[in-house]
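Notes to accompany the following structure.
Quick note: the coordinates plus some simple rules give every number you see, no bench work behind them. If you're wondering where the values come from, they're calculated on a predicted model, not measured in any experiment.
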Amino acid sequence: MEPYVTVETIAQKTKVWLARIESFNQHPMQLNIEKAALLVIDMQRFFLDPASPTFTCGGTAVMPNIGRLIGAFRDARRPVIYTCHVHQANGADAGIMKWWWEGMCVEGTPESLVHSAIAPCPGEKIIYKHRYSAFYNTDLETVLRGLGIEDLVVSGIMTNMCCESTARDAYYRDHRVFFLADATGSVTEEMHMSTLLNIAFGFAYVTTADDVISQVSGKSKQPVERNSNS
């Protein structure tokens with residue numbers, strides 16, 4: 001099956017996606033840089049290897065944008081937090097996922113590691129999770145509270161699974177969520193688009209890597225504050 005998006009087509013595809021959801025994407029936000037963090041969700045070899053039963057073609061397409069985001073947040077000395085979806089080899093922590101999905105990403109194997117092109121630096125937090133949401137039975141909420149994080153930028157894979165689940169849970173915890181149309185990826189365009197629509201309608205501001213990078217680097221135009229007497 002041909003990938004629904006590639007590195008070469010993602011810029012044009014993103015314009016189409018954003019146009020389709022524009023009437024629902026009605027909560028534009030300016031990133032509060034001093035209280036912002038980047039989430040890089042499940043960009044592991046297990047999901048990015050074409051030979052894997054869970055290969056996510058959209059992940060390959062968005063990796064350069066995620067790399068640029070990581071660089072911008074590091075340059076601004078803002079947190080980059082990674083997640084890895086892993087299970088014990090004996091499946092003790094898999095539950096329903098043990099038979100729901102073909103194959104498991106086993107903790108500690110080479111396949112479970114974040115792709116080397118965007119690997120964490122020493123000291124950067126990695127959240128190890130066993131379900132879709134990065135908040136479920138992990139210490140992510142505690143870490144974000146300790147760092148004083150209010151704004152979360154969501155990137156990674158899969159758009160409609162772990163990214164969407166995490167974005168919804170972040171919203172429930174009163175975080176402002178920036179969900180990136182061109183830095184999240186899935187296995188089909190329909191799945192990707194359905195999440196962008198649902199997320200924009202009820203949970204997050206859907207935007208682009210370039211928009212967030214420009215804000216983090218201080219190159220975006222700040223909203224004009226109107227004088228109440230004008």
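Hey, what angle do you get for helix 10-21 against the long axis of the chain, alpha-carbon based, 0 to 90 degrees rounded to 10?
Once rounded, the angle reads 70 degrees.
Highest GNM mean-square fluctuation, the chain, Cα pairs closer than 10 Å: which of P64, P28, P122?
P122
What translational diffusion coefficient, in µm²/s and rounded to a whole number, does the Stokes-Einstein relation yield for the stretch 29-140 at 25 °C and a viscosity of 0.890 mPa s, taking the hydrodynamic radius as the Kirkwood radius over Cα pairs?
Values: Rh = 15.0 Å.
The calculation lands on 164 µm²/s.
If you fit an axis through the alpha-carbon atoms of helix 189-202 and take the longest principal axis of the Cα set of the chain, what angle between them do you get, 0 to 90°, nearest 10?
Helix 189-202 sits roughly 50 degrees off the main axis of the chain.
Quote the relative contact order of the stretch 7-72 in percent (integer), defining contacts as alpha-carbon pairs under 8 Å separated by 6+ residues. Mind showing how you got there, number by number?
Numbers: 26 pairs, mean separation 23.3, N = 66.
Once normalised by length, the contact order is 35 percent.
Over the chain, what portion of Cα pair distances is larger than 27 Å, expressed as a whole percent?
Numbers: 7848 of 26335 pairs.
Counting every Cα pair in the chain, those more than 27 Å apart make up 30 percent.
Could you work out the relative contact order of the stretch 10-216, using alpha carbon pairs under 8 angstrom and six or more residues apart, expressed as a whole percent? Present the calculation step by step, with values, prior to reporting the outcome.
Working: 394 pairs, mean separation 62.5, N = 207.
Dividing the mean separation by the residue count of the stretch 10-216 yields 30 percent.
Summing -39500 (n - 2.57) over the DSSP H runs of n ≥ 4 in the chain and dividing by its residue number, what mean residue ellipticity at 222 nm do you reach, to the nearest 500 deg cm²/dmol?
Numbers: 8 runs with 78 residues, N = 230.
Helices in the chain give a 222 nm mean residue ellipticity of -10000 deg cm²/dmol.
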